[in-house]
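All remarks here apply to the structure that follows.
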Amino acid sequence: MKKNIIIAILMTIVVGAVIAIKINNAPMTAVESIADGIKSRNADKIIKYVDFERLRGNLKDRMKTQMEKDASMSPMGKRMVAGLGDIILDNMLRTHVSETGLRKNLEDPQKVKKFDGDIPTGKLTDENTYIVVIKKGKEDMTIILKKYGLFDWKVTDIELPSMRR
């Protein structure tokens, strides 16, 4: 009887340790899979780690803010951004920030530069947000992943230097 209890306790500890390791490594697994997908130009390795709807919404908000700043010199510019900006941004983002858009971009060597660097590391900013900063010279790009469920992490936002809030 004691032997069964000891085995049950050891199994519980092992399962708990495996779950803890899986939870702690999950965001880096997502980042590594995305980097591998870019290197191998395999969209399927990337798609499962991207929330395209949230990413489009975040990019649209940031781009619209930038357009409004650029158009701030004239009232007519503001009206155009308010009216046409949404339509243009929606269509552009729906075309390019989607599974189909990702596949097309990965097929075109001119659109995706060769990724041959180290896989960037990131940091947890809270229990549900993981931030990866990719430095390229003086400029950097920030990729934000959010937690979905217990083990899944997905890209929900990308910040480019020209689009900082």
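Which residues, taken from the stretch 30-47, are over 17 Å from Val132 (Cβ atoms) and either of a type in the set (Val, Ile, Thr) or touching a residue at least 24 places away in the same chain (Cβ under 8 Å) (or both)? Outline the logic, then answer.
Of the residues in the stretch 30-47, the ones over 17 Å from Val132 (Cβ atoms) are 40-44, 47.
The answer is Arg41, Asn42, Ala43, Ile47.
Of everything in the stretch 129-165 that is acidic (Asp, Glu) and farther than 19 Å from Lys60 by Cβ, the residue that is modelled with the highest pLDDT is Asp152. Among residues that are among the small types (Gly, Ala, Ser), at pLDDT 85 or above and under 21 Å from Asn42 (Cα atoms), Gly117 is not included.
The values are calculated or read from the model by the stated rules, or taken from the named source; none is laboratory data. Everything numeric here is computed off the predicted structure, so don't read it as measured data. When we count neighbours, we look across all protein chains shown, and the Cβ atoms used for this are built from the backbone with ideal geometry, even at glycine.
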